[in-house]
Amino acid sequence: TLKNLMRCKSVILILMQGAPGCLPWGVVNSYLNDYLHSNRGMSVEKSTSVILVFGFGNFLGLVLGGTAGNILYRRSPRLPPLFAGTMAVVGCIPMWLMINTVYQTTPITVVTLVSVMAGLCSGVTGPIVKATLQNVTLPNARGQAFALQNTFDDFGRGLGPVFVAMLISSLGGRTVAFNISVVGWILCGVFNWLLYFTVEKDETDVQSRFALSLHQPPGHSLNADEGTAEHGPDDDSDPLLCTKRRQSPSFESQGGVV
């Protein structure tokens with residue numbers, strides 16, 4: 001249930017890290033193209049190309065996040081969130097450079113490098129966060145967990161441009177508002193860093209409860225709060241658990257007490 005999910009500290013941090021990121025993504029998705037053209041003197045074609053290169057960098061970041069996250073996870077479950085948070089914070093640097101130092105006369109190689117690096121750093125967090133969320137939730141709760149995360153992400157995508165517009169109106173200019181909006185990635189990185197202190201314990205708890213459920217008869221279900229089995233009707237809501245139970249040796253076949 002939602003109540004049980006919200007008792008997991010890692011789940012709360014994962015949801016919270018996505019909220020501040022709506023501000024810089026609101027800048028990129030809704031304002032950056034026109035800003036580069038109107039405020040930085042770029043042609044429409046060049047500013048559009050910068051956004052296209054940013055998207056390519058974001059694709060590279062997704063690949064890097066998945067690959068590096070897998071390698072780091074083999075060493076420790078704590079390391080992928082640490083890497084994701086660091087990349088989110090580092091991504092503010094090329095983003096600030098793009099907002100404040102890129103002009104029409106800036107060499108195309110410099111513009112391309114800045115845009116690729118901004119996109120790359122911003123793309124690393126996504127796959128690591130999703131993998132972490134999967135690791136800290138039970139199989140029969142993952143659907144609800146990911147639905148909740150997607151709801152928060154969609155909510156942020158819609159409100160991000162609105163918040164940025166409010167900053168522009170209150171601060172009297174787009175440059176200052178965009179610089180402040182980029183700070184959202186720093187907050188996102190901080191929440192990912194905090195996962196370093198919670199993810200290992202939460203993942204161990206989930207694995208323990210899941211292992212316990214494999215030794216219970218099909219007529220028992222696992223209490224997600226205490227990790228104890230309680231009698232109830234046959235639960236076919238989780239095909240993975242049902243398959244595991246069918247494949248695991250029965251009590252009689254083991255010839256002794258478990």
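The values are calculated or read from the model by the stated rules, or taken from the named source; none is laboratory data. None of the values given here were measured: they were computed from a predicted structure. Note: ideal-geometry Cβ built from the backbone for every residue, glycine included; neighbour counts use all protein chains shown. SASA here: full protein model, heavy atoms, side chains in, ligands and nucleic acids out. Shrake-Rupley method; radii C 1.70, N 1.55, O 1.52, S 1.80 Å.
Name every residue in the range 32-63 that is within 23 Å of the chain's Cα centre (by Cα) and either over 30 Å from residue 83 (Cβ atoms) or not hydrophobic (A, V, I, L, M, F, W, C) (or both), in order of residue number.
Matches in the range 32-63: 55, 57, 58, 61.
Are there any pairs, at least 6 apart or on different chains, whose C-beta atoms fall under 9 Å, with the first in the range 136-149 and aromatic (Phe, Trp, Tyr) and the second open to solvent by 40 Å² or more (accessible area, probe 1.4 Å), and if so, which?
Note: pairs meeting the criteria are 146/130; 146/134.
Per-residue answers, yes or no, for (1) acidic (Asp, Glu); (2) at pLDDT 95 or above; (3) farther than 25 Å from residue 134 by Cα:
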position: 6; (1), (2), (3): no, no, no
position: 19; (1), (2), (3): no, no, no
position: 30; (1), (2), (3): no, no, yes
position: 39; (1), (2), (3): no, no, yes
position: 42; (1), (2), (3): no, no, yes
position: 58; (1), (2), (3): no, yes, no
position: 68; (1), (2), (3): no, yes, no
position: 78; (1), (2), (3): no, yes, no
position: 88; (1), (2), (3): no, yes, no
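Just checking, which of 209, 157 is touching a strand residue (DSSP E or B) at 6+ places or on another chain (Cβ under 8 Å) and either free of Cβ contacts under 8 Å to residues at least 12 places away in the same chain or part of a helix (DSSP H, G or I) (or both)?
Values: 157 fails: touching a strand residue (DSSP E or B) at 6+ places or on another chain (Cβ under 8 Å).
Among 209, 157, only 209 is touching a strand residue (DSSP E or B) at 6+ places or on another chain (Cβ under 8 Å) and either free of Cβ contacts under 8 Å to residues at least 12 places away in the same chain or part of a helix (DSSP H, G or I) (or both).
In the range 91-112, what residues are among the polar types (S, T, N, Q) and outside any helix (DSSP H, G or I)?
Step one: of the range 91-112, the residues among the polar types (S, T, N, Q) are 100-101, 104-106, 109, 112.
Once the filter is applied, which keeps residues that are among the polar types (S, T, N, Q) and outside any helix (DSSP H, G or I), the range 91-112 yields 101, 104, 105, 106.
Quickly run through the range 47-65 and pick out the residues that are surrounded by fewer than 17 Cβ atoms within 10 Å (Cβ to Cβ), farther than 13 Å from residue 122 by Cα and not aliphatic (A, V, I, L, M).
Once the filter is applied, which keeps residues that are surrounded by fewer than 17 Cβ atoms within 10 Å (Cβ to Cβ), farther than 13 Å from residue 122 by Cα and not aliphatic (A, V, I, L, M), the range 47-65 yields only 48.
If I filter the range 212-225 down to residues being buried (at least 16 other Cβ atoms within 10 Å of the Cβ) and part of a loop (DSSP other than H, G, I, E, B), which single residue comes out as modelled with the highest pLDDT?
216
So residue 26 fits all but one of (1) without any contact (Cβ under 8 Å) to a residue 40 or more places away in the chain; (2) assigned to a helix (DSSP H, G or I); what number is the exception?
Looking at each condition in turn, residue 26 falls short on (1).
Does residue 100 satisfy the condition of being in contact (Cβ under 8 Å) with a residue 24 or more places away in the chain and surrounded by fewer than 17 Cβ atoms within 10 Å (Cβ to Cβ)?
yes
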